[in-house]
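What follows draws every value from the coordinates through simple rules; no lab data is involved. All of these numbers come straight from a predicted model, not from anything done at the bench. Here Cβ is always computed from backbone atoms with ideal geometry, including for glycine, and neighbour counts include all displayed protein chains.
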Number of protein chains: 2
Amino acid sequence: MSLPRSTLSGLAYSQLRQAILSGRLAPGAHVTVRPLSEEFGLSATPVKAALTALEREGFLVQHPHRGFFVPEVDREDMRELYELREVLDGIAARRVAALPTREALVGRLTSLVTDQQAAVAANDLSGYGDLDVRFHQEILVASGNGRLQQVAENMIGQLRLGRATSARVPGRPAAALAEHEEIVAAIAAGQPQQAERLARRHVRKSANALDRYLSRQGRAS
Amino acid sequence: MSLPRSTLSGLAYSQLRQAILSGRLAPGAHVTVRPLSEEFGLSATPVKAALTALEREGFLVQHPHRGFFVPEVDREDMRELYELREVLDGIAARRVAALPTREALVGRLTSLVTDQQAAVAANDLSGYGDLDVRFHQEILVASGNGRLQQVAENMIGQLRLGRATSARVPGRPAAALAEHEEIVAAIAAGQPQQAERLARRHVRKSANALDRYLSRQGRAS
DNA sequence: CACTACGATTTTAGATCCAATATGCCGTAG
DNA sequence: CTACGGCATATTGGATCTAAAATCGTAGTG
């Protein structure tokens, strides 16, 4: 949930969020007010408001009287985040599989899966990553539970702070794609329990693949 | 006079949060800055910071250029909140049932269940309600997932905004108590799957009981 | 040469001030 | 009697300014 765009605070909020998620403000960086207010052409007040809002969402951490820092998401944090995503994505899949009006959603998901196949075939990792995020977002939005959507998207955002993504793991995109197909099939068939089970397994497998990959990388370096 | 050892914003935050959750600031109320800053003996700045923080957590809603209002939690909101709580409490129960060090937790939970039996026997609804919150909080804290704890406690807080609680439903406390005992037994026995299943069913039953009760009340009025 | 104490600088936290916007009331016209 | 429009008021959103806390560099001492 973002602050209203009509206010300057809202403007500073979205700019800052973008800067953090894009990595322009690197994890560990000390975010100070004055350079930002100069960059945005604003005074300190709306920038501070944006900083406190982002702190509440986990995109910044605050040390009293020292300021705001971009958090460093370590493997333990990733474990926490994936553990939450597992159940959140699971309940979202369960819900949409029970929707009488899920026809249009299934169409959009099928189309996204097709695009994902093309991206995997072309070895376009970054493109696949974007499509993957959109796939999960479609399901979250369609779940009709605004709070669920908000919390899950926040977790996805925090995961992006740890620059590592499971799409980087060799062979993972192809496997994830097959799991996406299974999930869509369960949703289309109207099988809530199955959809939840598959969605949870999908997230769990992504988490495990990434974790194993990072541990290999850690030993290699 | 002793200055607050933390920040004044933090002071205003906890005071305000308390005022909202206790119902002193009723749902629908327009929360304005100046009366609060006078009541707390602070200037506007820390009060505004507290308001924006509470807005991010769902304890206030903001209309641009109009201000902050205490949200009215309707039955649809309660459905959303309980749906989330179901999976959050479920994963927490699953985690603690897999902990090798769950002995102390089981002791605390057993003691809480005993107190709950006393409260139910004495027909002390408010006392039971507090013990119920503490029961679920113990499990969340012990889960070791800080983000899970934070999100789940936020949902519990938002549920408290809807003044209705399942503890008010005739017969529900006794039933919930029995479910608590089952959950503790599954945790003590080290059965993660069973613990998750029972915790989810427990939340679902509370939600259903409350929803049916409210629909009866709605018709009666 | 290392360590500590002190002071200058930076930066946050808070207070106060100002402008822009929404609301509510009242009078007037239809 | 109702609907519309403008004026007065209240309240937010934002800017500026001050004070306090932390950091960093430097100099002096053991």
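Laid out as a table, the results:
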quantity	calculated
Nearest-first distances (nm) between copies at A:ARG204, label 7 Å from Cα via Cβ	1.8
Sorted by Cβ density within 10 Å, fewest first, the residues A:VAL61, A:VAL120, B:VAL47, B:VAL151	A:VAL61, A:VAL120, B:VAL151, B:VAL47
Acute angle (nearest 10 degrees) that the helix B:192-220 long axis makes with the longest principal axis of chain B, alpha-carbon atoms	60
For segment B:81-133, the spread of Cα positions along each principal axis, largest first, Å	35, 30, 12
Formal net charge of residues neighbouring B:PRO170 (Cβ-Cβ distance under 13 Å; K, R +1; D, E -1)	+4
Computed helical MRE - 222 nm, the protein assembly as shown, DSSP H runs ≥ 4 contributing -39500 (n - 2.57), nearest 500	-24000 deg cm²/dmol
Counted charge near B:PHE68, where neighbours are those whose Cβ lies closer than 11 Å (Asp, Glu -1; Lys, Arg +1)	+1
C-alpha long axis of helix B:103-121 to longest principal axis of chain B, angle in °	80
Net charge of neighbours whose Cβ lies under 10 Å from the Cβ of A:LEU140, counting Lys and Arg as +1 and Asp and Glu as -1	-2
Hull volume in cubic angstrom per residue (convex hull over the Cα atoms of segment B:75-220)	90
Segment B:8-69: proportion of alpha-carbon pairs further apart than 14 angstrom, %	50
Karplus-derived HN-Hα couplings along segment B:133-147 (A = 6.51, B = -1.76, C = 1.60, θ = phi - 60°), whole Hz, x at Gly and Pro	4, 5, 4, 5, 5, 4, 5, 4, 4, 5, 4, x, 9, x, 5
Angle between chain B longest axis and helix B:44-56 axis [Cα atoms, degrees, rounded to 10]	30
Rg over Rh [alpha-carbon atoms, Kirkwood Rh] for the protein assembly as shown	0.97
